[in-house]
Amino acid sequence: MNTSANWAHFELASVWLRDPRLDTRLIGIVEKLSERPESSCTEALGNRAAVVGAYRFWNNETVRPEEILRPHAESTARRAAEYDTVLVAQDATEINLTDHPETEGRGYLYSNTRGLLLHSLLAISPDGVPLGLLRQFMWVRPLEKLKARKKTRYRPIEEKETHYWLDGLEATGATLPHHPHVVLIGDSESDIFDLFAAPRPSRIDLLVRVCRANRRVEHSAKYLRAALLESSLRGQTEVKVPRAGGRPERTAKMAIRWLSLNIRAPKNDRPNRPPVRLQFMLVDEIDPPKGVTPLRWILATTMPVNSLEDALRYVQWYTYRWRIERYHFVLKSGCQIEDSLLKTVQAMKRAIATYSIVAWRLLWLTYQARQTPDAPCTMVLEDFEWQSLCAKIYPSKLLPLQPPTMREGIRMIAQLGGFLGRKSDGEPGVKTIWRGLRRLHDISQGWLQGQSHRKLKDASIATCV
């Protein structure tokens, strides 16, 4: 990973938008937005010419959103190649544009809300570091179909919105065509028989949280939950539950059971579809805090579960699925994509693709600092950035001769964003980091100007002498 001054240039090195000026424009926009991620587009880009250039870029009909993401996806694939197994979490979210009635092309989200939908594929290392995006799908639900909505239960999967889960499987194989082992992870919305039954290369496995615990299985208990509850307890583990809303982070103690079962196609499905063999893990919380609903997961996977070690590994991998929820949170709350004033949904799609690269960078900083805390912070900061950071946080101390570690550097950045650093606070979250980065940009620019003035003054004195 390259330092903050040139990371976008290397990340998007293979960009090709059929015009070198557009290539340069994209790299410049991403660099500027990443320096001040919480700022509005106008504030982040710094001057009127840059803002006009960005809006022209996003309104350029010759640029497709997938072309904006393609060089980043290629860089993501290169990072993924460093691991024998790579995880790919897929999830959907809504881009709410209800407060922007002037934006043309919006679809419906619910009865009175308008916007578009976004489905992302995020590659993650086996130890939980977000490696980047592989693909995004964006679409709108036509307004004319809002009142004419019909039950989709009996429609073929090709006519359902849930087909994007299968598109994610296909896109994963296409983007990582030579990777030896890919695990596609999805939440309960991806618990679809068609996904399990879909053809896939043997090197791609599925890990899905089950929604339909009452589905029919080939077992004496007939239904999935009952069959798992009849099975013997295999072991226990602990899972960190991230904070959300007003809920604090906690550690949950979980009991684990597993079974290998054949699941049957739904009754309303095409006739004579053969069953699918899957491994199921029941993960139940033991003694949850008072007033807290206990966690219960049923996970389905195409990978073999031959030991408690296997089961614990898959449970740990599934917890990394939360990374994609944090990613969408950064995109919408940190980068404030829903506040954009672009006039068309097509322009919004180009802006979302651009901001998506910035959002990944912020998420990567957060988790890379936790994974490699002792690495030098020069992985992500230039010398003038960490020096100005140290001078700001510790004004009464001399600058260190060596750069701080990643953990020290990220914690100092988070302090600029309001992180208190108490023992009970744990490691800083992405919100305080993106706020701190905004302040660090202003502080480091002032530091550079001060260093420049000092050098001119010293040169002037030397000349006089």
Measuring from its Cα centre, the chain shows a charge dipole (+1 at each Lys and Arg Cβ, -1 at each Asp and Glu Cβ) which, in debye to the nearest 20, is 1160 debye
Expressed in angstrom, Rg and Dmax over the Cα atoms of the chain are 24.6, 97
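V292 to Y394: FRET efficiency via 1/(1 + (r/R0)^6), r the Cβ-Cβ distance, R0 56 Å, to the nearest 0.05?
Numbers: r = 40 Å, r/R0 = 0.72.
My answer for the efficiency is 0.90.
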Taking protein heavy atoms only, a 1.4 Å probe, and rounding to whole percent, the accessible area of the chain owed to carbon and sulfur comes out at 50 percent
Interchain or sequence-distant (5+) residues whose placed amide H lies within less than 5 Å of the amide H of L121 are L134, R135
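As a test of the formula, what do you get for the chain when each DSSP H run with n ≥ 4 contributes -39,500 (n - 2.57) and the sum is divided by the residue count, at 222 nm and rounded to the nearest 500 deg cm²/dmol? Could you put the intermediate results ahead of the total?
Numbers: 14 runs with 182 residues, N = 465.
Result for the chain, helices only: -12500 deg cm²/dmol.
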Subtracting the Cα-Cα distance of S260 and T344 from 0.36 nm times their residue separation yields 25.3 nm
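With helices defined as uninterrupted DSSP H runs, which ones in the chain have an alpha carbon span along their own long axis of at least 27 Å and mean Kyte-Doolittle hydropathy of at least 0.0?
Long hydrophobic helices here: 345-371.
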To the nearest 0.05, the calculated FRET efficiency linking E159 and Q402 through their beta-carbon distance, R0 being 60 Å, is 0.50
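About the Cα centre of the range 99-248, how large is the charge dipole given +1 on each Lys and Arg Cβ and -1 on each Asp and Glu Cβ? Please answer in debye to the nearest 20. Walk me through the numbers before you get to the answer.
On the way: 24 positive and 18 negative charges, 134 e Å.
For the range 99-248, the charge dipole is close to 640 debye.
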As a Kirkwood estimate from alpha-carbon pairs, the range 248-287 has a hydrodynamic radius in angstrom of 13.0 Å
Length gained, D269-H9, 0.36 nm per residue minus C-alpha separation, equals 88.6 nm
Any residue on another chain or 5+ positions along whose placed amide H is under 5 Å from the amide H of L184 is listed here as V88, D205, L206, L207
If unit charges are put on Cβ atoms (+1 for Lys and Arg, -1 for Asp and Glu) and the dipole of the chain is taken about its Cα centre, the option from V129, S333, W16 lying farthest towards the positive end turns out to be S333
Applied in sequence order to the range 219-236, the curve 6.51 cos²θ - 1.76 cosθ + 1.60 (Karplus, θ = phi - 60°) yields integer Hz couplings, x standing for Gly and Pro, of 7, 4, 7, 6, 10, 4, 4, 4, 5, 5, 5, 6, 6, 7, 5, 9, x, 9
When the charge dipole of the range 330-411 is computed with +1 on Lys and Arg Cβ and -1 on Asp and Glu Cβ about the Cα centre, the Cα farthest towards its positive end, among Q368, P403, M348, belongs to M348
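Which loop-located GluC sites (Glu not before Pro) does the range 160-238 contain, where loop means any DSSP state but H, G, I, E or B and the Cβ has at most 15 other Cβ atoms within 10 Å?
Those satisfying the criteria are E161, E218.
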Length-normalised contact order of the chain, Cα under 8 Å, at least 6 apart, in percent, tallies to 16 percent
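Any idea what the dipole of the range 14-73 comes to, in debye rounded to 20, about its Cα centre with Lys/Arg Cβ at +1 and Asp/Glu Cβ at -1?
Working: 9 positive and 9 negative charges, 36 e Å.
Rounded to the nearest 20 debye, it is 180 debye.
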With DSSP loop assignment and no more than 15 other C-beta atoms within 10 Å, the GluC sites (Glu not before Pro) in the range 36-142 are E61, E82, E102
Projected area averaged over all directions for the convex hull of the alpha carbon atoms of the range 1-71, nm², comes out at 4.8 nm²
Sorted by accessible surface (1.4 Å probe, heavy atoms of the protein chains only), largest first, K343, K290 come out as K290, K343
Rounded to one decimal in nm, the spacing of the 7 Å Cα→Cβ label points at D99 and E382 is 3.4 nm
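Quick one, what does Rg over Rh come out to for the range 35-74 if you take C-alpha atoms and the Kirkwood Rh? Spell out each step's value before the answer.
Values: Rg = 12.1 Å, Rh = 11.5 Å.
Here the Rg-to-Rh quotient is 1.05.
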Given Cβ charges of +1 for Lys and Arg and -1 for Asp and Glu, the option among A252, Q387, M412 whose Cα lies farthest towards the positive end of the dipole of the chain is A252
For Y327, the net charge from surrounding residues (Cβ-Cβ under 14 Å; K, R +1; D, E -1) works out to +4
Counting Lys and Arg as +1 and Asp and Glu as -1 over every other residue whose Cβ sits under 13 Å from the Cβ of C211, the net charge comes to +2
Given chymotrypsin sites (Phe, Trp or Tyr not before Pro), DSSP loops and at most 15 other Cβ atoms within 10 Å, the longest exposed-site-free stretch of the chain is 155-465
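The values are calculated or read from the model by the stated rules, or taken from the named source; none is laboratory data. Here the structure is a predicted model, which means the values were calculated and not measured. Here Cβ is always computed from backbone atoms with ideal geometry, including for glycine, and neighbour counts include all displayed protein chains. To get the accessible areas, we keep the full protein, side chains included, count just its heavy atoms, and leave off ligands, DNA and RNA. Shrake-Rupley method; radii C 1.70, N 1.55, O 1.52, S 1.80 Å.
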